[in-house]
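Written below as structure tokens is the structure these notes are about.
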Amino acid sequence: MVSIEHLEVRYGKNKPAALSIQNLRFEGGERVAVIGSSGAGKSTLLRCLKGYVQPVQGKVEILGCNLFLAPRRQRNRVNRKIGLIYQQFHLAPRMTVWQNVLCGRLGAARPLPSLFGYFSPRDRRIAWEAICEVGLTDLAHQVAETLSGGEQQRVAVARALAQRPSLILADEPVSSLDPLRAAEVLQLLSEVQKHHENTLIMSLHQPRLAKAYAKRIIGLREGRVVFDGPPESLTESKMEGIYGGKNLILFDDHATTGSG
Amino acid sequence: MIMPPPVPGKGKRIAVHLFILASVTAVLGWSWVGTEMNLSELAGSGSNLRLFLSRMLPPDLTWNPTEARPFVPPLRLAAATVAVTLQISLLGTFLGTLAAFGLGFLAAENLTPIWIHHPVKTMLALLRSIPVLVLALLFVAAVGLGPFPGVLAIAIHSIGMLGKLFAEQCESAEWGVWEALDSVGANWLQKVRFAIWPQVSRQFASLILFRIDMNIRESAVLGFVGVGGLGLWIENYRRAFDYRSVATMVLVTMLVVLAVEQASIQIRRRLR
């Protein structure tokens, strides 16, 4: 599904590598959380998978397409199969939930009619399914900006779902939400992932949430993978290896009994 | 007692401020000398001004022709020509907006590669740099006297201004949405339509309204070079030394400009 080889990313010539990964693979249907302190390379990794960050060297292959070498057309096709969810939602301003979710179909819709808001019945059906799936049917015709943070992130999830993605990348999807909303959104993402059996890779700031909602955890430190395994094997000493500090009050073992 | 540490670089900042002050003074002084500013002349100008104003006042506000002045009175003429001035401005702004709309997006640095936005920006700057009066002279020579060359002049000038302002609005639009839509596979037009347009549409409307109200002023002046409208009659009456009629025309022009400005302000306030 996704394979990364000898990947190296640098921001600036003489800067240390922001990301340096020898070998990393994700299979279809995996639910992965990427953790690590700020600047460890979580976002860089996700943005690299979307092709928004150009590596100095290395190979990223997604759905059999070499992300940085394939012809543009092929890249675009793969691009459409990758949904992206942001910390700041990035919804189209002053548009309703429904319009925002329809935006997820832009890559597949016929270009000219879509500019005037016309989408095929199929596109509209897929978008509506996505809205149903995130449970926003009642708010469908509200302006997205007026919703709460948690609801806005649901809209973003629905927009990504409308793409019918094989891979969903969520870049700190819950960092701007309160703990309850955060748990709800992560719960939703997990359910969606299970239902569609696609791959979900999310970067999370709280190891607690990673343990609760991911099947596999990748720990990054200074751009390198220092941990890769199931949540059970993420022990306190491993955590220290990732975050480089002791006495992590965030590392609360009692809270790890969330959904599996 | 604990004193705060001295602010670093304070001496340097004072020097910079002094330098700015000195440069501004120098430039203004240069302008003062160059424009032959003379306060004593201004003080002694009262009698001339009074004479001129006494010829203009009161404005000729008769509506029906009289025995002594059997031709159409200026007020009636003004009422008829106000429409032309408005029409020049509205149509000119519309045509300018049409072109500026496309060019504005192309000129936005964040939306297009440098080999597109740079030439477009340069072109817009060139269009802006030609004074409206010169454009009007050019079009009067090309298509003849009348309101039509005025429309063209206003349109061309508006392209330059509006295109630049549209581009600036796009450049300050929030970028995340663009990337989010890029990530769903939207093409350039779709991204402009759904990520940028909702962010800038109100500002665009506001800029267009502002432009209309500026163009009414501009089109009034264009009369001096043979374009129809209020300005034409101001010029005609001035040549005939009929200053009371000039005053009427100026008065109507002021009223129209103020009215349109107020309307535009009101609408723009709603838009925000």
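The values are calculated or read from the model by the stated rules, or taken from the named source; none is laboratory data. Values in this document were obtained by computation on a predicted structure and should not be read as measured data. Cβ: placed from backbone, ideal geometry, glycine included. Neighbour counts: every protein chain shown.
Results for (1) within 19 Å of the chain's Cα centre (by Cα); (2) more than 13 Å from every other protein chain (Cβ to nearest Cβ); (3) outside any helix (DSSP H, G or I), shown as yes or no for each residue.
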| site | (1), (2), (3) |
| --- | --- |
| B:116 | no, yes, no |
| B:122 | no, yes, no |
| B:159 | yes, yes, no |
| B:162 | yes, yes, no |
| B:167 | yes, yes, no |
| B:181 | no, no, no |
| B:201 | no, no, no |
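Looking at residue A:142, is it modelled with pLDDT of 90 or more, more than 23 Å from residue B:197 (Cβ to Cβ) and more than 12 Å from every other protein chain (Cβ to nearest Cβ)?
On the way: modelled with pLDDT of 90 or more: yes; more than 23 Å from residue B:197 (Cβ to Cβ): no; more than 12 Å from every other protein chain (Cβ to nearest Cβ): yes.
So residue A:142 fails the test.
Could you please find all residues in the stretch A:7-49 being assigned to a strand (DSSP E or B), of a type in the set (S, T, N, Q) and buried (at least 20 other Cβ atoms within 10 Å of the Cβ)?
Going through the stretch A:7-49, the residues assigned to a strand (DSSP E or B) turn out to be A:7-9, A:19-26, A:31-35.
Filter once more, so that each one left must be of a type in the set (S, T, N, Q): A:20, A:22-23.
Within the stretch A:7-49, A:20 is the sole residue that qualifies.
Starting from residues that are under 17 Å from residue B:176 (Cβ atoms) and either touching a Gly at 6+ places or on another chain (Cβ under 7 Å) or hydroxyl-bearing (Ser, Thr, Tyr) (or both), keep the ones in the stretch A:172-183 and report whichever is surrounded by the fewest Cβ atoms within 10 Å (Cβ to Cβ).
A:175
Looking at the stretch B:36-59, can you tell me whether even one residue there is in contact with a Leu (Cβ under 8 Å, 6 or more places away or on another chain) and either small (Gly, Ala, Ser) or part of a loop (DSSP other than H, G, I, E, B) (or both)? Even if it seems obvious, please write down each step before you answer.
Residues of the stretch B:36-59 in contact with a Leu (Cβ under 8 Å, 6 or more places away or on another chain): B:59.
Checking which are either small (Gly, Ala, Ser) or part of a loop (DSSP other than H, G, I, E, B) (or both) leaves us with B:59.
Yes, because at least one residue in the stretch B:36-59 is in contact with a Leu (Cβ under 8 Å, 6 or more places away or on another chain) and either small (Gly, Ala, Ser) or part of a loop (DSSP other than H, G, I, E, B) (or both).
So for the stretch A:50-65 (the condition being within 14 Å of chain B (Cβ to nearest Cβ), surrounded by fewer than 20 Cβ atoms within 10 Å (Cβ to Cβ) and part of a helix (DSSP H, G or I)), does at least one residue qualify?
For the stretch A:50-65, residues within 14 Å of chain B (Cβ to nearest Cβ), surrounded by fewer than 20 Cβ atoms within 10 Å (Cβ to Cβ) and part of a helix (DSSP H, G or I): absent.
In the stretch A:189-206, what count of residues is obtained for those that are buried (at least 22 other Cβ atoms within 10 Å of the Cβ) and more than 15 Å from residue A:29 (Cα to Cα)?
Residues flagged as buried (at least 22 other Cβ atoms within 10 Å of the Cβ) and more than 15 Å from residue A:29 (Cα to Cα) within the stretch A:189-206 amount to 2.
Pairs please, first residue from the stretch A:88-116 and at the interface with chain B (Cβ under 7 Å from one of its Cβ atoms), second anywhere and of a type in the set (Phe, Trp, Tyr), Cβ atoms under 8 Å, 6+ apart in sequence or on different chains.
As it stands, the answer is A:92/B:194; A:95/B:194; A:103/B:194; A:106/B:194, since those pairs meet every condition given.
If you check A:102, A:91, A:106, which single one turns out to be on the phi < 0 side of the Ramachandran plot, modelled with pLDDT of 90 or more and outside any loop (DSSP other than H, G, I, E, B)?
None of the other options fit; the residue is A:102.
Filter the stretch A:151-187 for residues that are within 14 Å of residue A:210 (Cα to Cα) and hydrophobic (A, V, I, L, M, F, W, C); which is nearest to the chain's Cα centre (by Cα)? Lay out the reasoning, then the answer.
Looking only at the stretch A:151-187, we keep the residues that are within 14 Å of residue A:210 (Cα to Cα), and these are A:170-175, A:179, A:182-187.
Of the ones still in play, those that are also hydrophobic (A, V, I, L, M, F, W, C) are A:170, A:174, A:182-183, A:185-186.
Details: A:170: 2, A:174: 11, A:182: 14, A:183: 15, A:185: 12, A:186: 11 Å.
Ranking the qualifying residues of the stretch A:151-187, first place goes to A:170.
So which of B:137, B:126 is in contact (Cβ under 8 Å) with a residue 24 or more places away in the chain and surrounded by fewer than 16 Cβ atoms within 10 Å (Cβ to Cβ)? Show your work before the answer.
Working: B:137 fails: surrounded by fewer than 16 Cβ atoms within 10 Å (Cβ to Cβ).
Only one candidate qualifies: B:126.
Could you tell me whether residue B:177 is in contact with a helix residue (DSSP H, G or I) (Cβ under 7 Å, 6 or more places away or on another chain), at the interface with chain A (Cβ under 8 Å from one of its Cβ atoms), modelled with pLDDT of 90 or more and buried (at least 22 other Cβ atoms within 10 Å of the Cβ)? Steps first, answer last, please.
Numbers: in contact with a helix residue (DSSP H, G or I) (Cβ under 7 Å, 6 or more places away or on another chain): yes; at the interface with chain A (Cβ under 8 Å from one of its Cβ atoms): yes; modelled with pLDDT of 90 or more: yes; buried (at least 22 other Cβ atoms within 10 Å of the Cβ): yes.
Taking the combined requirement at face value, the residue satisfies it.
Mind checking which residues of the stretch A:66-88 are within 16 Å of the chain's Cα centre (by Cα) and in a loop (DSSP other than H, G, I, E, B)?
So in the stretch A:66-88, the residues within 16 Å of the chain's Cα centre (by Cα) come out as A:78-88.
Selection gives A:81, A:86, A:87, A:88.
Which ones in the stretch A:221-230 are farther than 25 Å from residue A:184 by Cα and either in contact with a Lys or Arg (Cβ under 9 Å, 6 or more places away or on another chain) or surrounded by 16 or more Cβ atoms within 10 Å (Cβ to Cβ) (or both)? Let's see the steps before the verdict.
Step one: of the stretch A:221-230, the residues farther than 25 Å from residue A:184 by Cα are A:221-228.
If the condition is that a residue be farther than 25 Å from residue A:184 by Cα and either in contact with a Lys or Arg (Cβ under 9 Å, 6 or more places away or on another chain) or surrounded by 16 or more Cβ atoms within 10 Å (Cβ to Cβ) (or both), then A:221, A:222, A:223, A:225, A:226, A:227, A:228 are the ones that fit.
Checking the condition touching a strand residue (DSSP E or B) at 6+ places or on another chain (Cβ under 7 Å) and surrounded by 18 or more Cβ atoms within 10 Å (Cβ to Cβ), which residue from A:186, A:169 passes?
Working: A:186 fails: touching a strand residue (DSSP E or B) at 6+ places or on another chain (Cβ under 7 Å).
Among A:186, A:169, only A:169 is touching a strand residue (DSSP E or B) at 6+ places or on another chain (Cβ under 7 Å) and surrounded by 18 or more Cβ atoms within 10 Å (Cβ to Cβ).
Just for the stretch B:66-107: of the residues that are among the β-branched types (Val, Ile, Thr) and assigned to a loop (DSSP other than H, G, I, E, B), which one is surrounded by the fewest Cβ atoms within 10 Å (Cβ to Cβ)? If you could, list the steps in order and put the result at the bottom.
Filtering the stretch B:66-107 for residues among the β-branched types (Val, Ile, Thr) gives B:66, B:72, B:81-82, B:84-85, B:88, B:93, B:97.
Among the residues that remain, those that are also assigned to a loop (DSSP other than H, G, I, E, B) are: B:66, B:72.
Numbers: B:66: 9, B:72: 11.
The residue in question is B:66.
Going by what's in this entry, would residue B:67 be described as farther than 15 Å from residue B:237 by Cα, at pLDDT below 80 and among the acidic types (Asp, Glu)? Give the derivation first.
On the way: farther than 15 Å from residue B:237 by Cα: yes; at pLDDT below 80: yes; among the acidic types (Asp, Glu): yes.
Taking the combined requirement at face value, the residue satisfies it.
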